[in-house]
Amino acid sequence: MRTNPFFQRYDTPHETVPFDKIKLSDYEEAFIEGMRREKEQIEEMVNSGERPTFDNTMLEPDEEKEFYYDLLGRVSSVFFNLLSAETNEKMEKLAQKMQPLLTKHANEISLDKRVFDRVKYVHRHHRRLTKEEQRLLNNSYQGFVRSGALLSDEDKERLKKLSEEASMLSLQFSQNLLKENKAYFLHLTDEADLAGLPETAIEAAHKTAEERNLKGWVFTLDQPSYGPFMTYSERSDLRQKMYEAKNTVCCKDNDANNEAICKRIVNVRREIAQLLGYRTYADYVLKNRMAANIKNVYKLTNNLIAAYRPAAEKEVRQIEKYQAKVLRQRGKKTLSQEESTLMPWDFSYYTHKVQMEKYNIDSEMLRPYLELSRVIKGVFGLANRLYGITFKANKKIPVYHPDVKAYEVFDHDGTFLAVFYADFHPREGKQAGAWMTEYQGQWIDSKGVNHRPHVSVVMNLTKPTKKKPALLTLGEVETFLHEFGHALHGMFANTRFESMSGTNVWWDFVELPSQFMENYSIEKEFLRTFAFHYKTGEPLPDEYIDRIVKSRNFMVAYGCMRQVSFCLLDMAYYTMKDTFNGDLRKFEKNAWKRAMVLPQQSNTCMTVQFSHIMAGGYAAGYYSYKWAEVLDADAFSVFKRKGIFNREVAEKFRKCILSKGGTEHPMTLYRMFRGSEPTINALLKRNGIKK
């Protein structure tokens, strides 16, 4: 008789998830049983008759019971990770069915007075605790309070309903976005329409057309297809088509429209925050952030606008002048108002032209030197050089799709450190973007056994074609490094409690390890380790590397303003004190206008596809990317001074930051590494804003 794989220990290397054994029907059965077991555990604890102590309230039971009670955690990690990386219609329907039940279950625990009374008692009366134990207790107590434990029964019921609704809205938002992104494609059959496009983009488009049983070429909204089209296509009318398709996703008059969903998400979150005693949702979120309050977030954005906007405007004027020059060269003696205005669908095209004129370097020139298998070796080699760790592919570890590669990771002393999954290419059923996640976190059990993490990085990098292997852009290498930085944060985790291990840190600190790794993407010493021509084996020429370095800050101020505009939009939604019923497009364009340096289109809308703040964990927290950028520039300046591969500095970074998780306040950890608090100076110098 077949046993549900989630109900037994996995008979796989390192007890990794047996993806090949799991059936769709296993999920629902495991979800239902997992919730039942958690309720059983709660009843056993509250009815034990024992005086609450730290040990019998906060600590997990012995290993066998822990495995028994962790069923819900096991099935949830697999199901919801695959819902983003390898979903289908049946999984999405199951998610809609299970999400309200899971949210209701979580609310019942977080609002159970009997459980909170125990935690509250232990919070006031406990034995001498270690720093980590004290932080776990404080986090647990504050978690209950922030989940409504101090509310009246009536307000608790209201909170339950709002939480369940918010959960379903976020799920529907994501499903609509995936559906819309995958629905659109530009099908070309006339070779003349491919003017300007590089060979790699044309080959990829031809392969995509073949996969859809179409003749010609197909371009999609996935970044490896969309990005090159917008940069190289000489057809402004086709670029406009693609741009408008991309930027009107989920705001058309169909069943995937996210406008009403976004309004309701914003209002529900505001109601939740106000029910819990906060003025706004941002006040609620920032209580547990390095930024601490709304004022400090705006202080950061205002400083960035003051420092970068003048330079960004100058950059855009430079592109406008170049566009006008090109149009005149094509015989246009006088330009209409529309022709003299730099439109957003023309921006990447003309920006690339200026970049080539100034630096004679672009992503297509570099692609032949950035073959994926070599990039993988380069990134793994960087981790080895910094920390002494090694990666070994293991085909016996089950994976959820043939594209996924599984590796065992070993520490500098040869001990097993982690399992690492890498999922590189776009496909049907996979969300856009790139992210790091876990199938198992790290923790140390009561017997002292250190359970090592199973970490996954999911990306949408350029796919191989019939003629060529996967050749990446430098931007894609940077994306890989970014997500790999998150992965290192997870793999180096070495804390007692899983809830504080790895990336379980405050959101405006979590991007430090990832953005720190991006710095290596233009370092000659690093590029020298893997950047070889995929055909000839010739190394990336020194002159190319010099041009890369010189062009590093090309349009950097514009890029900063773009990020700041997203920060402003996020904060505008979540600092509202009253019900929002306005027009999303008008609200959006007003919210970020202080950072906007290109003309805005009335029919486009970012909000309805802004997953970070509507369905992810960045609501009232998108500023975290810029906050962490200040940290990463400051941290990397130490490596630049002492050597970018300096093992002593790297070991300190690992010991003070990467292995500590959320066991101490982020600024305490940063000071342990740096010896002082960060300033914005290193970022301004790196970006060439300050000499």
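The values are calculated or read from the model by the stated rules, or taken from the named source; none is laboratory data. Remember, it's a predicted structure, so these values are computed and weren't measured experimentally. Here Cβ is always computed from backbone atoms with ideal geometry, including for glycine, and neighbour counts include all displayed protein chains. Areas reflect the complete protein model, heavy atoms only, side chains present, ligands, DNA and RNA absent. Shrake-Rupley method; radii C 1.70, N 1.55, O 1.52, S 1.80 Å.
Odds and ends about this structure:
- Region 630-647 - residue that is of a type in the set (Gly, Ala, Ser) and open to solvent by less than 20 Å² (accessible area, probe 1.4 Å) and, of those, nearest to Arg309 (Cα to Cα): Ala633
- Failed item, numbered, when Asn581 is tested on (1) open to solvent by less than 30 Å² (accessible area, probe 1.4 Å); (2) outside any helix (DSSP H, G or I); (3) not hydroxyl-bearing (Ser, Thr, Tyr): (1)
- Unique residue being assigned to a helix (DSSP H, G or I) and without any contact (Cβ under 8 Å) to a residue 40 or more places away in the chain when the list is Arg74, Arg36: Arg36
- Of the criteria (1) closer than 29 Å to Tyr618 by Cβ; (2) surrounded by 16 or more Cβ atoms within 10 Å (Cβ to Cβ); (3) not hydrophobic (A, V, I, L, M, F, W, C), which one Glu428 fails: (2)
- Residues within region 103-159 that are under 24 Å from Leu72 (Cα atoms) and not in a helix (DSSP H, G or I), tallied: 5
- Within region 444-460, residues that are more than 29 Å from Phe424 (Cβ to Cβ) sit with their Cβ atoms under 8 Å from residues that are part of a loop (DSSP other than H, G, I, E, B) and modelled with pLDDT of 95 or more, at 6+ positions apart or across chains, in these pairs: Ile444/Thr495; Ile444/Arg496; Asn450/Gln442; Asn450/Asn494.
Conditions tested, residue by residue: (1) at pLDDT 95 or above; (2) within 27 Å of the chain's Cα centre (by Cα); (3) open to solvent by less than 40 Å² (accessible area, probe 1.4 Å).
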site: Ala312; (1), (2), (3): yes, yes, yes
site: Gln318; (1), (2), (3): yes, no, no
site: Lys325; (1), (2), (3): no, no, no
site: Gln329; (1), (2), (3): no, no, no
site: Ser336; (1), (2), (3): no, no, no
site: Leu372; (1), (2), (3): yes, yes, yes
site: Val375; (1), (2), (3): yes, yes, yes
site: Gly388; (1), (2), (3): yes, yes, yes
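- Check on Ser84, of a type in the set (S, T, N, Q) and open to solvent by 30 Å² or more (accessible area, probe 1.4 Å): yes
- Pair list, Cβ < 7 Å and 6+ apart or interchain, from region 483-512 residues that are within 12 Å of Leu658 (Cβ to Cβ) to residues that are among the basic types (Lys, Arg) and in a helix (DSSP H, G or I): Phe492/Arg654
- Residue in region 46-53 that is touching a Pro at 6+ places or on another chain (Cβ under 6 Å), surrounded by fewer than 19 Cβ atoms within 10 Å (Cβ to Cβ) and not in a helix (DSSP H, G or I) present: no
- Filtered residue count, region 525-538, keeping only those that are open to solvent by 50 Å² or more (accessible area, probe 1.4 Å) and either acidic (Asp, Glu) or without any contact (Cβ under 8 Å) to a residue 40 or more places away in the chain (or both): 4
- Every condition in (1) touching a residue at least 60 places away in the same chain (Cβ under 8 Å); (2) more than 30 Å from Val510 (Cβ to Cβ); (3) touching a helix residue (DSSP H, G or I) at 6+ places or on another chain (Cβ under 6 Å); (4) among the aromatic types (Phe, Trp, Tyr) is met by Trp217 except one, and the failing one is (1).
- In the set (1) farther than 30 Å from Arg317 by Cβ; (2) open to solvent by 30 Å² or more (accessible area, probe 1.4 Å), the condition left unmet by Trp627 is number (1).
- Filter pass, His401 being surrounded by fewer than 18 Cβ atoms within 10 Å (Cβ to Cβ) and touching a Gly at 6+ places or on another chain (Cβ under 6 Å): no
- Filter result (open to solvent by less than 20 Å² (accessible area, probe 1.4 Å) and either under 30 Å from the mean Cα position of the chain (by Cα) or at pLDDT below 95 (or both)) within region 183-195: Leu186
- Residue selection: His123 satisfies the criterion of being touching a helix residue (DSSP H, G or I) at 6+ places or on another chain (Cβ under 6 Å) and open to solvent by 40 Å² or more (accessible area, probe 1.4 Å).
- Candidate set from region 659-682 (those that are among the hydrophobic types (A, V, I, L, M, F, W, C) and modelled with pLDDT under 95); member that is farthest from Asn553 (Cα to Cα): Ile680
- Residues of region 436-451 that turn out to be of a type in the set (D, E, K, R) and surrounded by fewer than 22 Cβ atoms within 10 Å (Cβ to Cβ), as a count: 2
- Out of Cys605, Cys656, sole residue that is surrounded by 14 or more Cβ atoms within 10 Å (Cβ to Cβ), out of contact with any Ser or Thr (no Cβ under 6 Å at 6 or more places or on another chain), more than 30 Å from Gln442 (Cα to Cα) and at pLDDT 95 or above: Cys605
- Cross-chain or 6+ apart pairs with Cβ under 9 Å, region 296-322 first and more than 30 Å from Val285 (Cβ to Cβ), then outside any helix (DSSP H, G or I) and of a type in the set (Phe, Trp, Tyr): Glu315/Phe554
- Region 443-453 - residue that is in a loop (DSSP other than H, G, I, E, B) and touching a His at 6+ places or on another chain (Cβ under 9 Å) and, of those, nearest to Phe67 (Cα to Cα): Asp445
- Any chance Lys577 is touching a residue at least 24 places away in the same chain (Cβ under 8 Å), closer than 28 Å to Phe480 by Cα and among the basic types (Lys, Arg): no
- Qualifying residue in region 669-680 (condition: within 25 Å of Leu382 (Cα to Cα), open to solvent by 10 Å² or more (accessible area, probe 1.4 Å) and among the aliphatic types (A, V, I, L, M)): yes
- Counting only residues that are surrounded by fewer than 15 Cβ atoms within 10 Å (Cβ to Cβ) and of a type in the set (Asp, Glu), region 16-45 holds 5 of them.
- The residues of region 524-562 that are farther than 30 Å from Phe347 by Cα and either in contact with a His (Cβ under 6 Å, 6 or more places away or on another chain) or of a type in the set (S, T, N, Q) (or both), listed by number, are Thr529, Thr536.
- Region 586-595, residues that are buried (at least 18 other Cβ atoms within 10 Å of the Cβ) and either touching a residue at least 60 places away in the same chain (Cβ under 8 Å) or of a type in the set (Gly, Ala, Ser) (or both): Ala591, Ala595
- Residues being touching a residue at least 60 places away in the same chain (Cβ under 8 Å) and polar (S, T, N, Q) - total across region 131-171: 6
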